[in-house]
Amino acid sequence: MILRRILHLFSLYSLRSKILVNLVLFTLIPFVITSVIIIFYAKYYAVNSYKAEIKVELNRCEHLINRELYLYHQKASFIATNPRIQKNLKVADFANDPQKIIDFQDFMKALLYDVEANETRAGKFTIYLDNYDGYKGAYLKSLNEFNDVKTSDTILGAASSEVIWNPKTTINSYGSYITFYRNLTPITGRKVILEVNIPYRIIHDHIENIKIPGCLPAIKHQNSYGTVIYENSQSKDIKNLNTGNYLIQKIEHLYDGSKITLTIPWSVINKQYYRVLLILFLLFLIIVAVIIAASSFTVGRITRSFNNFISYLKKNDDVLMDERLINVQEKDEVAIIKQRFIGVLRRLNEIYRDLMDIKNRKNMLEIELLQAQINPHLLYNSLSVIKWAAIKKSDKLTEDIVKAMTNYYRIALNKGNYIIEISEELNMVKEYVYIVNFTHSNKYTLNIDVDEEVNSHYALKHLLQPLIENSVLHGLNGKSGDGLINVRGHKKNGMIIFEVSDNGYGMDEETINKLLNFNYKSNYGGYAIKNLIMRIRNYYGENCGLEITSEKDRGTTVTVRVKALSKEELEEKFS
């Protein structure tokens, strides 16, 4: 409905407006398509470039954090596998030898110097021993002091190489720590747990050093159990996290199984291509203005002479009756249009004059037709008088001829009807042959073999008579011996097929083609055949018509194919 209204509105425009609109549209469409592609590509490129920058920064942060965690894990593995430490922890009376404890403490201090040198970032390594009641320094404690019995049971049930992370963050006066444990029992032969406390400040500093261009991202750090370890103020401010409004990036391959989530508003990313979009929009407006101005000027130059010509036609009605009033001065396409228009006007005026002449002749023919409608009565009455005169004189031959003529003309004229039963057409043919047998010196024999179901059908009047007449006048007339005419008819696949054959002179293929193509100029049945073909085509369709086969001195066969139409269907075609 909307499209129809647009097309209707567009149809009201002048030719100049239509050309201008089309020119502008077809000029702008490629630019608009290109602009849209560039806009989408700019956004795609900006987003992917931004993601790539974030990925590089997150990979850097992940590498630094894992390096710190791996250092503590490496120290824990060294403690678990160091022979000297294993030897001391295996000794049952280790707690009763102060010198061994002091040496052990000094050894541990030297071993862990690189991770304990900075007090604010120092980690804590604690070994919990079963049945230990000796000196409790920085590294040794009794297993009874382990706060969580359930966790200790879990650790003691683990393999010595397994790292067990504490789901909770340890907080003391020194700060926050993340903690993991190793079970040294299989190595020492006694219940021993190694506790490693890693200062969270180490990880926190790396998280805070994440640099995202253009914004301060919301950062959340969760351990492997999903517990939030840290989140900055930007993350706390996000009340409803809608993935449609935020870009979410994660560090998911940290050594401790934790993950860091960065949440960045899409508005920050969109700013990356807003400037490009603005530049494209301004450029688009400039180009549109230039195109409209150039198109308007060009269309005006192209259509000026044509518009002047149209205006001249509107103001001068006499031009339509006299094409000589049109002046052709241009040498462009408008001159061709004018010349063609002059030719059309000239032809229309000729047709108008012909139509007027045809109308006058039609009026005359109508008068003649009214007069002709009286003549059949005169003809019938005259023939009737001749017939009765012959009867009175016992002139049987004259009586039969007059009777045949009366029957022939009664069917031929048929009160002006154009449709008759095929049986009547055949009767008319019989009467015609009887009459010509009387008027010609030759004798013509007519054989009719038509299926009974065909006789009851209706057809155009004079469908077969012209063919019989052509056979008599042009095929058999003057030929030595008796003439033979055969008429056969049958119905097949909704078609009525007649074959009219004679044993006359025949004709060659060239003559047949000329007859069928209306190019034959002599009197050899040309008009009758042409008239019959045209009548069949007009009332039965193109797939109906005549076929002629002939052989010189052997005769001719004409096949007529028409549709088996009812009387009503034929009358409808005449209406």
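None of the figures in this text is laboratory data; all of them are computed from the coordinates on show. Note that the structure is predicted; figures quoted are calculated from it, not measured. Cβ placement follows ideal geometry from the backbone for every residue including glycine, while neighbour counts extend to all protein chains displayed.
Filter K211/K250; K479/K514; K43/K259; K461/K563; K100/K191; K124/K220 down to the pairs with a C-alpha to C-alpha distance above 22 Å, please. Long pairs (Cα-Cα over 22 Å): K479/K514; K43/K259; K124/K220. Considering the stretch 48-91 at the alpha-carbon level, its Rg and Dmax are found to be 18.5, 61 Å.
Descending by average beta-carbon neighbour count within 10 Å, the peptides 185-198, 542-555 line up as 185-198, 542-555, the highest first. If the chain linking K236 and T154 were pulled fully straight, counting 0.36 nm for each residue of separation and taking away their Cα-Cα distance, it would gain 26.1 nm.
When Rg and Dmax are taken over the Cα atoms of the stretch 440-574, they come to 15.1, 46 Å. Calculated on the Cα set of the stretch 13-315, radius of gyration then Dmax: 35.1, 131 Å. Cβ crowding within 10 Å ranks K141, K573 as K573, K141, fewest other Cβ atoms first.
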